[in-house]
Amino acid sequence: MNEKTTKHKVSEPEMRPEYDFSGGVRGKHYKRYVESSNVVVLEPDVHKRFKNSTAVNKALRSLIRAEERAPAKRSIRTRAKSARAGNR
């Protein structure tokens with residue numbers, strides 16, 4: 001076989017003696033991690049436009065600012081209720 005096409009096995013790094021996990025507790029921080037993680041999965045078409053978290057955050061912050069500037073709109077139910085109350 002050609003040397004370029006032969007895959008070399010990567011050896012596992014050895015654990016250093018100063019690493020001692022004998023007193024460790026498995027899953028100790030798992031619950032807190034799950035509660036505070038904020039992973040969002042993007043659909044492929046959205047990913048094409050937003051390649052990284054910076055781009056997504058920038059777009060979302062822009063949307064938030066626009067929403068904050070826009071006057072609050074009343075729902076159709078609220079408008080209908082007000083109209084009925086005014087007609088009495």
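The values are calculated or read from the model by the stated rules, or taken from the named source; none is laboratory data. Note that the coordinates shown come from a computational prediction; the quantities given were computed from them, not determined experimentally. Glycine also receives a Cβ, built like all others from the backbone with ideal geometry; neighbour counts cover every protein chain displayed.
Numerical summary
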{"quantity": "Meets criteria (more than 21 Å from the chain's Cα centre (by Cα), outside any helix (DSSP H, G or I) and modelled with pLDDT of 90 or more) for K4", "calculated": "no"}
{"quantity": "Whichever residue in region 60-88 is within 16 Å of N38 (Cβ to Cβ) and among the hydrophobic types (A, V, I, L, M, F, W, C) and, among such residues, is surrounded by the fewest Cβ atoms within 10 Å (Cβ to Cβ)", "calculated": "I64"}
{"quantity": "Scope region 48-61; condition assigned to a helix (DSSP H, G or I) and either more than 13 Å from the chain's Cα centre (by Cα) or polar (S, T, N, Q) (or both); matching residues", "calculated": "K48, R49, S53, T54, N57, K58, A59, R61"}
